[in-house]
Amino acid sequence: MADLRFDGKVAVVTGAGHGLGRAHALLLAERGAKVVVNDLGGALDGTGASAGPADEVVEVITKNGGEAVANADNVATPEGAEGIVRAALDAFGRIDIVVNNAGILRDKSFGKMSVEDFDAVLAVHVRGSYLVSRAAFPHMKEQAYGRVVNTSSPAGLFGNFGQANYATAKMGLVGLTKTIGIEGARANIKANAIAPVAWTRMTESLLPAEFESKLTPERVSALVAFLAHESCPVSGEVFSVGGGRVARVFVAEGPGWRKEDLTVEDIRDNWDSIMAEQPYLTPVALGEQANASLRAML
Ligand code: NAI
């Protein structure tokens, strides 16, 4: 079978000046996409700004024979997000792919986390992904084609000490992904999310040193490119990815236990059945989940 290519397609990759976003941008460009390399260029905690990182990645892409433009707007403001999408339209005339990857960290245990640290993390991850997708959505609808790849995290899907802000944001992105997937379906707009692990400035102090050569960002980018491709077979899905391994992560509901006039003691006495996982359901939308509850009543 032929290689998967992106000739004629235009992609925005946010936070593409470092780490994972950089690797995604390089791969998409290598495969023929025209790329807007967005990066605010700040520190890991979101402070500061610099055009340097985005410019450097554009230089590499251009040197390799690809096409890219740099953009240093902030994903977390409506003007910044509009500016990022406008950069794609101005330079390349369309927008087909949005990879929402920009992110910051402000880890603190729950009791010590400030409101500012909570808000700042949600602003970049959730608001940023919402705003950039929102700016691209009308253009994708108009051309009846679009691909959105959001960046969740195992920390959000499963929880992690010291990351109440980050975990909230990353699970929030699952809801955003599923809903864009549902609302975009009629216009052939597909949205999926990745929950990666990779050696970057975000994780280098957390991961054991021997993982540096194994958990390369490039080993995540292949999945991002697949989900951003025209042939992507799914929408609303979440995938765990790292070190070359890819797995579907899904939100499932157990078979449940039911009794009319349910009492508090019924719950205590049937706890094992309530907690049972098999046979589980994986509803693809609220309607399906609600139908399962309604069916149980018949
Ligand atoms: P990174 O720090 O190398 O890259 C994040 C990039 O986003 C930086 O270049 C930064 O300048 C940019 N950025 C931050 N705020 C921005 C804003 N407001 N507007 C535009 N750009 C902004 O970190 P890494 O690891 O490459 O992270 C990429 C994404 O992957 C993030 O969303 C992160 O939460 C997620 N992730 C990473 C994991 C890992 O193992 N490295 C694990 C799970 C999720």
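The values are calculated or read from the model by the stated rules, or taken from the named source; none is laboratory data. Note that the structure is predicted; figures quoted are calculated from it, not measured. Cβ atoms come from the backbone with ideal geometry, glycine included; neighbour counts cover every protein chain shown. Keep in mind that these areas ignore ligands, DNA and RNA; they rest on the heavy atoms of the full protein, side chains included. Shrake-Rupley method; radii C 1.70, N 1.55, O 1.52, S 1.80 Å.
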### Query
Rounded, prolate or oblate: which fits the stretch 27-118 when a ≥ b ≥ c are the square roots of the eigenvalues of the alpha-carbon gyration tensor, with rounded for a/c under 1.5 and prolate only if a/b beats b/c?
prolate
### Query
Restricting the count to DSSP beta bridges whose residues both fall in the chain, what percent are antiparallel, rounded to a multiple of 5?
20
### Message
Multiplying the sequence separation of E212 and A185 by 0.36 nm and subtracting their Cα-Cα distance, what value in nm do you get?
### Response
5.9 nm
### Task
Would you grab the residues whose amide H sits under 5 Å from the one on V36? Only those 5+ places off in sequence or on another chain, please, with H modelled 1.01 Å from N.
A11, V12, V13, V69
### Carbon and sulfur %, accessible surface of the stretch 58-143 computed with the full protein complex present, 1.4 Å
51
### Summary
Rounded to the nearest 500, the 222 nm mean residue ellipticity computed for the chain from DSSP H runs (n ≥ 4, each -39500 (n - 2.57)) alone is -12500 deg cm²/dmol
### Task
May I ask which of K9/K214; K141/K178; K9/K190; K34/K214; K9/K178; K108/K178 have a Cα-Cα span longer than 19 Å here?
K9/K214; K34/K214; K9/K178; K108/K178
### Message
Give me the one-decimal nm value for the distance between modelled label points at V115 and R201, 7 Å along each residue's Cα-to-Cβ direction.
### Response
3.0
### Summary
In whole µm²/s, the translational diffusion coefficient that Stokes-Einstein assigns to the chain, given a Kirkwood hydrodynamic radius over C-alpha pairs, 37 °C and 0.692 mPa s, equals 163
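Checking understanding here: applying a Kyte-Doolittle mean of at least -0.5 and a length along the axis of at least 27 Å (C-alpha), which whole DSSP H helices in the chain pass? Before the final figure, lay out each step's value.
On the way: long enough: 164-184 (29 Å, 0.40).
For the chain, where a helix must reach 27 Å along its axis and average at least -0.5, the hits are 164-184.
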### Query
Tell me, how many Å apart are the Cα centres for the stretch 192-233 and for the stretch 272-293?
31
### Message
Run the numbers for D272 and V60: contour at 0.36 nm per residue of separation, minus the present Cα-Cα distance, in nm.
### Response
70.7 nm
